[in-house]
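Heads up: the structure comes next, in structure tokens.
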Amino acid sequence: MRPSGGTAVIGTHRIPRDLRAVQRVAALGIVPGVTDLDPALTVGEHVSEALDLHEGLLGRWRGRRGRVRAALERAGIGGLDPKTLAEDLAPDEAQLLGVALALVGEPGLLLLDDVDEGLPFERQRELWRRLRAVADAGVTVVASCHDLGPAAEFAAPVRLLEEVRR
């Protein structure tokens, strides 16, 4: 996606000038209309597809089940049954599956949209705690949300959209 205005600095890269360089180190989690989950696929099938895209055919021979589990654990959902259909996931589980899919590509920057959509307060807090763990593992996480309260404890620094627009 091309920015419609403004500038940003990601590491040593400036957007829009270095957009391609930023795209090489960035990944999207679940962004409605862009990276939606296929409701008919299982969690394991989604992760397997992501692994295939990033590792190619040779990756299939390196213990797929263990690598699927590792991808889920990295996103904080290691206990999720890989046979679960995407359509049966709770909103926070779907967000974290999107994180797992993005992390397969080893990004330095992870972008997430509307992470708190449809979640009660306590589930939002748990989701933010898991995103904080991803950030603590070395991935910069940029996420948008509607309710700042649960995010404030785990996200730093927090910027209100109105602040950014000024």
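Assorted remarks:
- Within the stretch 50-63, the presence of at least one residue that is closer than 18 Å to Leu112 by Cβ and either in contact with an Asp or Glu (Cβ under 8 Å, 6 or more places away or on another chain) or not in a loop (DSSP other than H, G, I, E, B) (or both) is confirmed.
- Scanning the stretch 1-14 for residues that are assigned to a loop (DSSP other than H, G, I, E, B) and either touching a helix residue (DSSP H, G or I) at 6+ places or on another chain (Cβ under 9 Å) or surrounded by 15 or more Cβ atoms within 10 Å (Cβ to Cβ) (or both) returns Arg2, Pro3, Gly6, Gly11, Thr12.
- Inspection of the stretch 56-68 identifies at least one residue that is within 16 Å of the chain's Cα centre (by Cα) and at pLDDT below 95.
- Looking only at residues of the stretch 23-44 that are more than 16 Å from Leu96 (Cβ to Cβ) and either without any contact (Cβ under 8 Å) to a residue 40 or more places away in the chain or among the polar types (S, T, N, Q) (or both), we find that the one that is surrounded by the fewest Cβ atoms within 10 Å (Cβ to Cβ) is Gly33.
- Conditions (1) more than 15 Å from Ala94 (Cα to Cα); (2) out of contact with any strand residue (DSSP E or B) (no Cβ under 6 Å at 6 or more places or on another chain); (3) surrounded by 14 or more Cβ atoms within 10 Å (Cβ to Cβ); (4) in contact (Cβ under 8 Å) with a residue 60 or more places away in the chain: number failed by Ala137: (3)
- Number of the condition not met by Arg17 [criteria: (1) farther than 19 Å from Ser144 by Cβ; (2) surrounded by 15 or more Cβ atoms within 10 Å (Cβ to Cβ); (3) modelled with pLDDT under 90]: (2)
- The single condition among (1) of a type in the set (Val, Ile, Thr); (2) assigned to a helix (DSSP H, G or I); (3) within 20 Å of Leu28 (Cα to Cα); (4) at pLDDT below 90 that Val158 does not satisfy is (2).
- Pairs are defined by a Cβ separation below 6 Å, a sequence spacing of at least 6 or placement on different chains, a first member in the stretch 69-91 that is over 15 Å from Arg130 (Cα atoms), and a second member that is among the aliphatic types (A, V, I, L, M) and in a loop (DSSP other than H, G, I, E, B); the pairs so defined are Ala86/Leu37; Ala86/Leu41.
- Single residue of the stretch 100-125 satisfying the filter (in contact with a Pro (Cβ under 9 Å, 6 or more places away or on another chain) and part of a helix (DSSP H, G or I)) that is surrounded by the most Cβ atoms within 10 Å (Cβ to Cβ): Gln124
Okay, residues lined up against (1) over 15 Å from the mean Cα position of the chain (by Cα); (2) of a type outside the set (D, E, K, R); (3) over 30 Å from Gln124 (Cβ atoms):
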{"site": "Thr12", "(1), (2), (3)": "yes, yes, yes"}
{"site": "Gly29", "(1), (2), (3)": "no, yes, no"}
{"site": "Gly76", "(1), (2), (3)": "no, yes, no"}
{"site": "Leu85", "(1), (2), (3)": "yes, yes, no"}
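- Identity of the residue in the stretch 127-155, in contact with a Lys or Arg (Cβ under 8 Å, 6 or more places away or on another chain) and assigned to a helix (DSSP H, G or I), that ends up modelled with the highest pLDDT: Val134
The values are calculated or read from the model by the stated rules, or taken from the named source; none is laboratory data. Here the structure is a predicted model, which means the values were calculated and not measured. FYI the Cβ positions are ideal-geometry reconstructions off the backbone, even for glycines, and counts take in every protein chain you see.
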